[in-house]
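Let me begin by presenting the structure, written as C-alpha cells, before commenting on it.
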Amino acid sequence: MQEQLENHAFFEYEKDIEYLLASMEILAPYQVNPKIRQVYDEDFVLRLKGKYPLLFELYGSLSKEFSTSFLEFLLEYKIKDFRLEDFFAYLKTLSPTKFLAVFLDEQEQVICDAMISEERQVAYYQKNKERFLHFYGIEVLFQKTEWFIALVEKYVLEFRTEKAQQYLNQHTEVIQEWEKRVVDGTKKEGSLSYSESIMGKSFFNRGPYENFYFMASLFIPMMACRWFGKDQILIFDGIRWDKPDDHKLSDALKMMSDRTRYRILVLLKEHKRLNGVELSEKMKLSTSTVSHHMSQLKSCGLVHEESAGSTKYYSVNELSIKNYLHILEKTFL
C-alpha cells in the first residue's frame, strides 16, 4: 500500500520486506521481538540451520551490526510493490565491489584494494576485528560474493510461509491504524519531526531528503531503524512501539546493571551523541570493547546508532527509557 502524506512522505507496507526482516533476525538474532519466534518456531529454525549451515556459519563470523545490511540497499531500490525476487535480481546486477561497499558500509576504494589479493583481505580483517569474529566472513564475502547473494536469496524465500502470511493478514488492522497515525503525525509535525518522535531522539543527519518513507512492521527485530541518503526510510515496530513489554524491560535492566554500560549511557546523555572512538577515549576502553557494549545496548533498544559518512554516532533512546519507566511506575507505584 502507498499513501502520500505531507511533503513527499509515503506510508508503505510490503510483506516481502517483513520476510526479509524476519530472515535477518534468525541469522543474527537480537532476540527482542518474540513475535518472530511465534511465527517461525524452533523446528523451522532448526530445519533452516540444517539446510543452510554455511550461511549460518558465515553470519556467526560477523558482528550483529550486519543483521540489517541488506536493507541498506532499499535506499537505491524501489520500495513500492517490493518483491524479493526482483530485489535479489537487482543485487545480482551490482558489481562485487559495489555490493560489498554498501553491505559493509565502506568506501568503494577500500573494497577495491581488499579485492586485489588474499593478503589485502587479511590486512582488511586485521583493521576491522571488531566487526568480524574471524577471517571466514571476509574470505566468503570477498571471494564468493555472487554465491553469497544467491544463497541468501534462497534462504530468505523460505520465510514466505503460509503461517507467516496468515499472521500478517490477521494484523491488517494494526497496519491500517498506523497509516492513519503517520498521516496525522506528518501533517501536524512535519516528516522529519515526526520521524524523530518515532525514534525518540534528535537526528544528527537532518537531510534534506527528497522523500520520506514510513513502514510499520510486525517482524522488525528492534523498536525502530532508520536509513538515509537521497531519501529517508524509517521502519518501526507496529505492535510494540508504544506498548513496551516486561520481557524487553527485563533485558534493558540487565544491560543497565553492568557498571560500564551504565556509564556509557550517562556519557551519551551528557554529550547528546558520541562516536565509538570518542566513547573509547572517555571510557578508557578499547574500541572493540566499546563496540561489544554498544551491540548489547542496541539489542534492547537503549541506544540509537546513526551514520555520518563512515562514522557511526550513538545516542540514548529516550523513548524506550520513558516506556520502561512507565512499566515500572504502572507495576510498582
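The values are calculated or read from the model by the stated rules, or taken from the named source; none is laboratory data. Because the structure is a prediction, the values reported are computed rather than measured. Glycine also receives a Cβ, built like all others from the backbone with ideal geometry; neighbour counts cover every protein chain displayed. Please note that ligands, DNA and RNA were not included when accessible areas were found on the heavy atoms of the full protein model with its side chains. Shrake-Rupley method; radii C 1.70, N 1.55, O 1.52, S 1.80 Å.
How about region 290-326: which of its residues are in contact with a Pro (Cβ under 9 Å, 6 or more places away or on another chain) and buried (at least 17 other Cβ atoms within 10 Å of the Cβ)?
Correct list: S299, G301, S320, N323, Y324.
Go through region 146-171 and count every residue that is surrounded by 16 or more Cβ atoms within 10 Å (Cβ to Cβ) and under 17 Å from L27 (Cβ atoms).
10
Cβ-Cβ below 8 Å, separation at least six or inter-chain, first residue in region 273-289 and open to solvent by 60 Å² or more (accessible area, probe 1.4 Å) and among the hydroxyl-bearing types (S, T, Y), second assigned to a helix (DSSP H, G or I) and modelled with pLDDT of 85 or more: which pairs?
Final answer for the pair search is T287/G276; T287/V277; T287/S280.
Quick grid of which residues meet (1) hydroxyl-bearing (S, T, Y); (2) in contact with a helix residue (DSSP H, G or I) (Cβ under 7 Å, 6 or more places away or on another chain); (3) within 21 Å of Q232 (Cα to Cα):
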| site | (1), (2), (3) |
| --- | --- |
| S280 | yes, yes, no |
| S286 | yes, yes, no |
| S291 | yes, yes, no |
| S295 | yes, yes, no |
| C300 | no, yes, no |
| E305 | no, yes, yes |
| K312 | no, yes, yes |
| K322 | no, no, no |
